[in-house]
Amino acid sequence: MDLKSLIRDIPDFPKPGILFRDITTLLRHPEGLRYTIDLFAQKILDAQLKADYVVGIESRGFMFGTPLAYKIGAGFIPVRKPGKLPAAVHSIEYQLEYGTDCLQVHQDALNPDSRVLIVDDLIATGGTAKATAQLVNKIGCQLVGFGFIIELRDLQGRQNLPDVPIITLVEY
Ligand code: AMP
């Protein structure tokens, strides 16, 4: 199945000069969705990445991370923007092009011996995934890898990530 044909390109969103890769058209396609999750899980298994938990990044990381966790027999843990998680949290601040952003995870969601796979829909500069890895490291967990549906290769985001396997399905 040609996944690229199910991903919609929106020029100049959310601001001029950005070509937005819209995965809502992939999610709404029954066979496309099933194929994507099955292939994602297969690649994780082929790479022998054994995770206790999939850590998904708000919000599109939830859409792919939760069914992936189900398929590989892991639990799912959301990493969210500030003010969304109800219990005590660990936080990490990270640099954006302009200013800073913050991500949080529940303090009791992970243990130091947890094996973690970080998932998002797309890697661009890698800043978001890197910050999530730092959050996981702060807790002392073992990061086994990253999974993304889409990789924007020109931005070389993977160079910003720690040296663990990176699984991707579609490259631009
Ligand atoms: P980055 O931290 O630069 O790797 O950006 C990754 C995050 O921004 C992911 O959560 C993506 O969903 C989103 N993102 C960045 N660039 C794009 C793009 N061109 N199309 C769709 N989403 C994007």
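The values are calculated or read from the model by the stated rules, or taken from the named source; none is laboratory data. All figures in this text were calculated on a predicted structure; none of them were measured in a lab. Note that we place each Cβ from the backbone using ideal geometry, even for glycine, and neighbour counts take in every protein chain shown. In case anyone asks, the SASA skips ligands and DNA or RNA and just uses the protein heavy atoms, side chains included. Shrake-Rupley method; radii C 1.70, N 1.55, O 1.52, S 1.80 Å.
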Q: Work out from phi, with θ = phi - 60° and the Karplus expression 6.51 cos²θ - 1.76 cosθ + 1.60, the ³J(HN,Hα) of each residue of the stretch 8-19, listed in order in whole Hz, and give x for Gly and Pro.
A: 8, 9, 10, x, 6, 10, x, 8, x, x, 8, 9
Q | Karplus (6.51, -1.76, 1.60) ³J(HN,Hα), θ = phi - 60°, over the stretch 114-119, in Hz, Gly and Pro reported as x | A | 6, 9, 10, 10, 8, 10
Q) For the chain, what number results from the quotient of the Cα radius of gyration and 2.2 N^0.38 Å? A) 0.99
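Can you give the FRET efficiency for Arg158 and Arg34, using 1/(1 + (r/R0)^6), R0 = 22 Å, r = Cβ-Cβ distance, to the nearest 0.05?
Values: r = 27 Å, r/R0 = 1.23.
According to the calculation, E is roughly 0.20.
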Q: Over 27 Å between C-alpha atoms is what I'm after, so list which of Lys4/Lys81; Lys15/Lys43; Lys4/Lys130; Lys50/Lys138; Lys15/Lys50; Lys81/Lys130 land there.
A: Lys4/Lys81; Lys15/Lys43; Lys15/Lys50
Q. Using θ = phi - 60° and the Karplus curve 6.51 cos²θ - 1.76 cosθ + 1.60, what whole-Hz ³J(HN,Hα) does each residue of the stretch 81-92 get, with Gly and Pro shown as x?
A. 5, x, x, 9, 8, x, 9, 4, 10, 9, 10, 9
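Taking the DSSP beta bridges in the chain as the whole, what percent of them are antiparallel, to the nearest 5?
Taking every DSSP beta bridge within the chain, about 35 percent pair in antiparallel fashion.
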Q | Pair Gln134, Tyr172: separation of 7 Å Cα→Cβ label points (nm) | A | 2.6 nm
Q: Starting from the amide H of Phe20, placed 1.01 Å from N in the peptide plane, find each other amide H under 5 Å away whose residue is 5 or more places distant or on another chain.
A: Ile10, Asp12, Phe13
Q.
Accessible area per residue for the chain in Å², computed with a 1.4 Å probe and the full protein assembly in place, what is it?
A. 53 Å²
Q.
Using amide H atoms built in the peptide plane, which far-off residues or other-chain residues are under 5 Å from Gly75 H to H?
A. Tyr53, Val54
Q: Extending each Cα 7 Å along its Cβ direction at Asn111 and Asp9, get the distance between those two points in nm, one decimal.
A: 4.8 nm
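Taking the Cα centre of the chain as origin, work out the dipole magnitude from +1 charges on Lys and Arg Cβ and -1 charges on Asp and Glu Cβ, in debye rounded to 20. Present the calculation step by step, with values, prior to reporting the outcome.
Numbers: 18 positive and 20 negative charges, 46 e Å.
In total the dipole reaches around 220 debye.
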(Q) Helix-only estimate, please: 222 nm mean residue ellipticity of the chain, summing -39500 (n - 2.57) across DSSP H runs of length 4 or more and dividing by its residues, to the nearest 500. (A) -8500 deg cm²/dmol
